[in-house]
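Right, one structure below, let's go through it.
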Amino acid sequence: MKKFLLQSLLTVLLSSATVISSPAPGNALPDSGGVNIKADTIGYDKNTESYNATGKVRIDWSGVVLFADTVSVRQKDNLAVAEGNVLFVKDDNTLQGTHAEMDLATEQGEISNATLFVKQGNFRLSGKTLQKTGGADYHIENGSFTTCDGEVPSWKFSAAELDVTRNRYAVGKHAVFYIKDIPVLYFPYIIYPVLEERQSGFLIPRVGVSSKKGFYLELPYYQVISPSQDATFHLDIQTKRGVGLGANYRYLLRSGGSGDVKAYLIYDTNENELRGNLLLRHQQSFSPTLFFRTNIDLTLDREFYQDYGEVSGEYNRQYLESSAFITKHWERFSLTSEVRYTENLYAVNNKATLQELPIITFTGLKQRLADTPFFVSLDSTFTNFYRQNGLQGQRLDLHPQLTFYTSPVNALEGAAWVGYQQRFYNTYGGDIAKGSSNIGIPNVGASLSSTLSRVFDVEWGNLKKVKHTIIPEISYAYLPQKNQDGLPFFDYNDRQVAQNMISYSITNYLTGKYLFADSPATYRDLAYLRISQGYEFSGTRRDVLTLVDNQRSFTDVRIEAKLNPTERLAFYLDSRFNTYRTNFSTLDVATDVSDSEGNSARVGYRFSRDEVRYLEGRLNISYVEPFVFHYLTRYSFDTKAFLESYYSLEFKQQCWGLTFAYRERPGDRSYTVNFSLSGIGEFKAF
């Protein structure tokens, strides 16, 4: 509706009168005042002071084309009249009728038996009479609108009277909703936005039912606060839980900041307590070198997401993390200050959960020492650890490093480094490791790598060339074994793993060059493969990410791969293979496939020995028109249970749709039926 009437008659018909001579039939007058007229006959009637065009009339004016059997312009009262097969065309939009009149001075007018078509959204409006009553005001008698094709559309709304103010609202009286030619619903009064810009107003209600919430009805209201601010408020009525209130506030700041705030509160009649959550996101660039960001996620109770989480994977979250940090960059240094608050939803309370308030990080980027091949860098972090129950304190971590770069030959690149990590502690509140302590541990290492590439000519359709790049690398790292048992333990940074390890890796890239007719060449990554492994000379290794076997020098072989044989098919792999057990320690594999018709599938599997076995899948099938099937599942092999399953069957037509859906989570099942009208929105019912 927002393009309703194409500015209606678009001020069409001649904005100024021009003296017109009478050419021979079929001739066209030259462009005059931006107007070009063609007709079988063009003449002037002195008695009525009218200019008349008859027979296959075509008038081109300001991007608008008017077709009619006859067109006359009466000079004394600036009245333009078009009769017979009247058709206005602008771009791909049309307005047609049997009779049209317009006052050229006021730009007001009327068209009889009008039919409007707007290509965007396939919007169709018809009415016995359509009047432009003001600069942006329109009135339609006995009108109807739909987004469906056909003489008898699948659905339509009709109204005895419809008043429209462009970029504001359409108000209808005695409206009836039809399915085919059958009246289904009657509305004595309807109002809906016909906007080119945002406008405050009620949004389509959300209706559903679940075993936890019962029958629920959500009534949203959208409020425009300013060009850079808006908010959505909703009333949430649940038969099993009570009545909730929610708000979502979004904003953009002139200073370059942006963010949104979401809040929800409900007095849960089932639990007899006030429940809710708060989400806040904000980012701010004060200058190109000064940046601030915050991410707040808080709840009033630990089971809130179990009962009210709606996003997939949200209901079984264990941790909520809130943080805020500010970063300042200089040419060779950077400074970050951060506060981080964690809430353990699986704990009885949060008194023993460790908080980092604040974390201050100072980094000195690698800087060349004079004209030598040596570079110096510094990583340093100060952390204050806080909790109500348990060990608390501060840790200062300083790690300077000296790096040497060399390129003995063109095909080789080498580096060597030596560093020293010093940690200082001040602790209190716990049973062990009270007071001050410190430890320093040196580290040394070196690496040597090369980059080799070759281009192969191929003739596989549009694929003409393939570039293979291989990067072999060997490295060595040494970190001496030091007894750290007397140090406090806040996180894994308090226990540095001893190393005397040599590692190798081989990385491969395949890049394709495609040639198409009448278009420039395009490039696409076809495959990526990286294999890496380490050997620990001490005979005992300690890996952080996976469970390991003592007295085994070789680390797991890590295999990382991505394969894209086509734009719509991809394989992903990240795994660690134990050569002693001849099995995988970890495995993360996934496949994505899709086509241009809306069919797609994804299957992913995650495994960590003696820890996790997890499967997820997603499927969209639209082969059997007009049906579309959606499926989403998450399954845990550890618990031998589905974490979540979602099924939906959608019946899609050109201008409407019907969806049946079922969702199951532990402790909750829901069924919904959604009815949608193209261009109108969704009506959701149970």
(request) For the stretch 306-449, evaluate the Debye formula with one uniform point scatterer on each Cα (no solvent term) and list log10 I(q)/I(0) at q = 0.10, 0.11, 0.21 Å⁻¹, rounded to two decimals. (result) -0.57, -0.66, -1.24
(request) Can you spot the aspartates and glutamates whose alpha carbon is less than 14 Å from residue 173's alpha carbon? Ignore those fewer than 8 places along the same chain. (result) 141, 161, 163
(message) For residue 240, what residues show an amide H to amide H distance below 5 Å, using hydrogens built from the backbone and excluding near sequence neighbours?
(response) 214, 215
(request) Report Rg (one decimal) and Dmax (nearest whole number) for the stretch 298-376, counting Cα atoms only, units Å. (result) 20.0, 64
(request) Alpha carbons only, please: Rg and Dmax for the stretch 200-353, in angstrom. (result) 18.7, 60
(request) Pop out the ³J(HN,Hα) list for the stretch 232-248 in order, Karplus 6.51 cos²θ - 1.76 cosθ + 1.60 with θ = phi - 60°, rounded to Hz; leave Gly and Pro as x. (result) 10, 10, 9, 9, 10, 9, 10, 6, 9, 10, x, 10, x, 10, x, 8, 9
(message) With an 8 Å Cα cut-off and a minimum separation of 6 or more residues, compute the relative contact order for the chain in percent.
(response) 5 percent
(request) Output the pairs from 240/262; 46/76; 467/513; 90/119; 213/652; 240/640 with a Cα-Cα distance over 18 Å in this structure; if there are none, say none. (result) 240/262; 213/652; 240/640
(message) Place a point 7 Å from the Cα of residue 645 along the Cα-to-Cβ direction; which residues of the stretch 588-615 have their backbone N under 15 Å from it?
(response) 615
(request) Tabulate in residue order the Karplus-calculated ³J(HN,Hα) for the stretch 377-390, using 6.51 cos²θ - 1.76 cosθ + 1.60 with θ = phi - 60°, rounded to whole Hz; enter x for Gly and Pro. (result) 9, 8, 10, 9, 9, 10, 10, 9, 9, 9, 6, 6, 10, x
(message) Using only DSSP helix segments of four residues or longer, with each worth -39500 (n - 2.57), what per-residue ellipticity at 222 nm results for the chain after dividing by its residue count and rounding to 500?
(response) 0 deg cm²/dmol
(request) Run the numbers on the stretch 388-462 and let me know its relative contact order in percent, using alpha-carbon pairs under 8 Å that are six or more apart. (result) 31 percent
(request) Under 15 Å Cα to Cα from residue 180, which aspartates and glutamates show up? Leave out anything in the same chain fewer than 8 places away. (result) 149, 151
(request) Specify the inter-centroid distance of the stretch 576-622 and the stretch 56-90, based on alpha-carbon positions, in whole Å. (result) 65 Å
(request) Using only C-alpha positions, report the orientation-averaged shadow area of the convex hull of the chain, nm², one decimal. (result) 44.0 nm²
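Every number in this text was worked out from the coordinates using simple rules, so none of it is lab data. On a predicted model such as this, the values are computed, not experimentally measured, just so you know. Cβ: placed from backbone, ideal geometry, glycine included. Neighbour counts: every protein chain shown.
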